[in-house]
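Derivation of every value follows stated rules applied to the coordinates shown; laboratory data play no part. As the structure is a prediction and not an experimental result, all values here were calculated from the model. Methodologically, a virtual Cβ is constructed for each residue, glycine included, from the backbone with ideal geometry; neighbour enumeration extends over all protein chains shown.
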Amino acid sequence: MKRVFLALILILIPNTAHADGIPDHFILSGSGFGHGVGLSQVGAQGQAMEGKSATQILNYYFPGTQVVPVADNTNIRVNIAHQVSSALFVASKAASIPTTALSVSAGDMAAAPVSLTSSLRFLASAKGISLSTTAPNAAIQNLPASPLWTITFSGVLTINTTQGIMNLRYGSIQLRLVGAKIEVTDTMNLHNEYLYGISEIPSRYLQAALQAQVIASRTYALSKVGVIKKECDCNIYHGIYDQNYIGYAKESEKTVGAYWKAAVDATSTDSRNGLAIYYQGKPISVYFFASSGGTTQKSSDVWGSSQPYLVSVPDPWSLDIFLNPYYSHWQRVLIQKDVAATFKLPDVLSLKIVGRTATNSALKIDATSSSGKTSELSVGDFKVKLKIPSSWFEILNSN
């Protein structure tokens with residue numbers, strides 16, 4: 001009810017302007033959340049409610065592809081903290097699985113056990129990464145700075161950095177000095193350990209929708225193994241650069257975490273293989289997003305590159321207010337100073353959408369200042385800089 005009331009307020013906001021005619025704000029009205037290419041997650045839930053299987057959902061959003069078992073029993077190196085100055089590790093107090101063993105080593109040094117009541121704080125310095133600890137083990141307390149540290153553990157370990165807190169259940173952790181900062185990675189098995197921590201879709205969704213997301217996420221992850229990116233010491237980032245990995249928090253969600261874990265297990269054909277999406281014998285370039293403006297996008301309209309399976313298909317479920325209460329329709333008020341700063345103009349007198357795709361999403365946005373100077377942005381830059389949910393929108397108050 002509060003969101004409906006807010007929407008009514010936004011509709012009723014007058015198009016106020018300065019004495020010189022420059023508007024105080026611009027109002028955008030749109031639908032959808034995300035880039036719109038590939039698997040619609042709200043659409044997957046809608047199709048699951050209609051009785052469609054995970055394979056049927058994926059074949060719909062990626063026409064011409066096949067869902068097949070592939071070898072996925074391989075390690076993946078996940079960056080869980082990027083370019084941080086420090087990292088604190090402690091045995092998790094929130095997890096139902098206690099930490100039962102912990103050891104740490106510097107460089108090629110043999111791992112030494114650490115008291116389970118100890119904290120491990122790593123700090124970047126000119127000499128490398130230094131360790132300060134409450135461990136009673138004098139050998140650990142006196143270790144010199146090193147460019148590389150390794151932590152092995154069983155149970156659940158909590159990492160705390162300036163980028164947030166994460167509980168880790170699987171793998172082994174490394175801290176490496178890259179430049180003057182620390183890259184923290186967790187190396188784990190892709191088959192299930194990594195997938196258990198993926199948080200790209202609500203765990204309360206039906207199993208067919210969850211399984212469709214697992215298969216898409218497995219396909220994406222398989223495309224990243226084998227190559228270590230020097231800038232992150234990783235195969236894959238844990239956040240917006242790749243897909244959202246939140247560690248043990250996903251599978252330990254109250255009640256619904258078990259649903260996600262079950263979906264991962266259901267897409268494993270055996271202990272060494274899992275389902276992935278293939279096209280003509282090769283894994284596809286997989287994309288997914290929350291919801292569309294009623295039709296998904298061709299990849300060529302969004303990024304310029306074309307794939308035969310990344311085409312537009314109807315996605316009416318995204319416009320269903322019950323399935324998609326927050327983004328089946330949305331409005332945003334853009335303040336004049338933010339818009340002017342985005343377009344690098346002293347002010348903005350008017351905004352204009354320049355070009356649309358076949359699905360009616362915007363391609364470019366033109367801004368004109370009171371002096372007649374103009375500036376243009378791609379819709380991608382416009383969305384990112386002004387936090388616009390999607391490219392399916394209209395500008396309600398512009399000259």
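Miscellaneous remarks
- Summarised in one figure, the compactness ratio Rg/Rh of region 157-259, Cα atoms and Kirkwood Rh, is 0.97.
- log₁₀ of I(q)/I(0) at q = 0.12 Å⁻¹ - region 43-168, Debye sum with one point per alpha carbon: -0.62
- Whole-number Å³ per residue for the convex hull built on Cα positions in region 231-370: 218
- Helices meeting the span-like rule in the chain (full DSSP H runs, Cα extent of at least 20 Å along the helix axis, mean Kyte-Doolittle score of -0.5 or higher): 207-222.
- The loop-placed trypsin sites (Lys or Arg not before Pro) in region 80-184, going by DSSP, that have at most 13 neighbouring Cβ atoms within 10 Å of their Cβ come out as 93, 127.
- For the chain, relative contact order (Cα pairs under 8 Å, six or more residues apart, normalised by length) works out to 25 percent.
- Whole-percent pair-distance distribution, where bins are 5 Å wide, for the alpha carbons of region 66-283: 1, 7, 15, 18, 18, 15, 11, 7, 4, 2, 1, 0
- Candidates 288, 62, 122, ranked by Gaussian network fluctuation over the chain, Cα under 10 Å, top entry: 122
- Student exercise, region 255-399 dipole from Lys, Arg, Asp, Glu Cβ charges, in Debye to nearest 20: 320
- Every Cα-Cα pair in the chain was counted, and those over 28 Å apart are 56% of them.
- DSSP assigns beta bridges within the chain; of those with both partners inside it, close to 95 percent run antiparallel.
- Given charges at beta-carbon only (K, R positive; D, E negative), |dipole| of the chain in Debye: 380
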